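A short worksheet on the structure shown next.
The values are calculated or read from the model by the stated rules, or taken from the named source; none is laboratory data. None of these values were measured; they are calculated from a predicted model. Here the Cβ positions follow ideal geometry from the backbone for every residue, glycine too, while neighbour counts run over all protein chains shown.
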Amino acid sequence: MPKPKSKNKPKKNPAISPDNYWEVKQKLAREGKKLFVQKIFADWCKGCGICIAFCPTEVFEKSDSGIPAIKNPDACTGCRFCEFHCPDFALSIHERYPDRRKKKNET
Ligand code: SF4
Ligand code: SF4
C-alpha cells in the first residue's frame, strides 16, 4: 500500500541555474531575501580556515590546496562575518545586482 503524502514537507529553494535564474530571483525578492557574491583573493589567502569554520550557513568548504572553495553561494546571508574576520583581507562579499545588469543588457 503506498504511503500517504505528507502535507507539511518543508519547501526547498530550487538550485539557481541560467534557465531558472529570474524565476528564483523573483521568488527570493518576494520573500524579502537578497543574494550575495563571495570573492576570494587566492593570492592573499593563507588558508587559515577561519571563514570556513565560522560561516553560519556553511558557504565555504576546504579545498585540497587549503584555500576555501565556494560550496553553497546562495546560502550566504551577507552577514560579512568572514570578510571582517579574515586576517589577510582575502575575502569580499557583495550583493548581487542582477536587476541592474539586466537593464544594462537590455539597452
Ligand atoms: S557573509 Fe556571512 S553567510 Fe556569507 S559567506 Fe560570509 S560568513 Fe558566510
Ligand atoms: S579567513 Fe581569509 S585567510 Fe583564512 S582561509 Fe578564509 S579567506 Fe583565507
Legend entry - Residue that is surrounded by the most Cβ atoms within 10 Å (Cβ to Cβ) [pool: residues in region 77-102 that are more than 11 Å from ligand 1 (Cβ to nearest atom) and modelled with pLDDT of 95 or more]: Ala90
Legend entry - Residue check for Lys39: in contact (Cβ under 8 Å) with a residue 24 or more places away in the chain, in contact with a Gly (Cβ under 7 Å, 6 or more places away or on another chain) and among the charged types (D, E, K, R): no
Inset, instruction - Please indicate, with yes or no, whether at least one residue in region 16-39 is more than 16 Å from Asp74 (Cβ to Cβ) and either surrounded by fewer than 13 Cβ atoms within 10 Å (Cβ to Cβ) or in contact with a helix residue (DSSP H, G or I) (Cβ under 7 Å, 6 or more places away or on another chain) (or both). - result: no
Legend entry - Residue ID - farthest from ligand 2 (Cβ to nearest atom), chosen from residues in region 42-76 that are crowded, with 17+ Cβ neighbours inside 10 Å and touching a residue at least 40 places away in the same chain (Cβ under 8 Å): Cys76
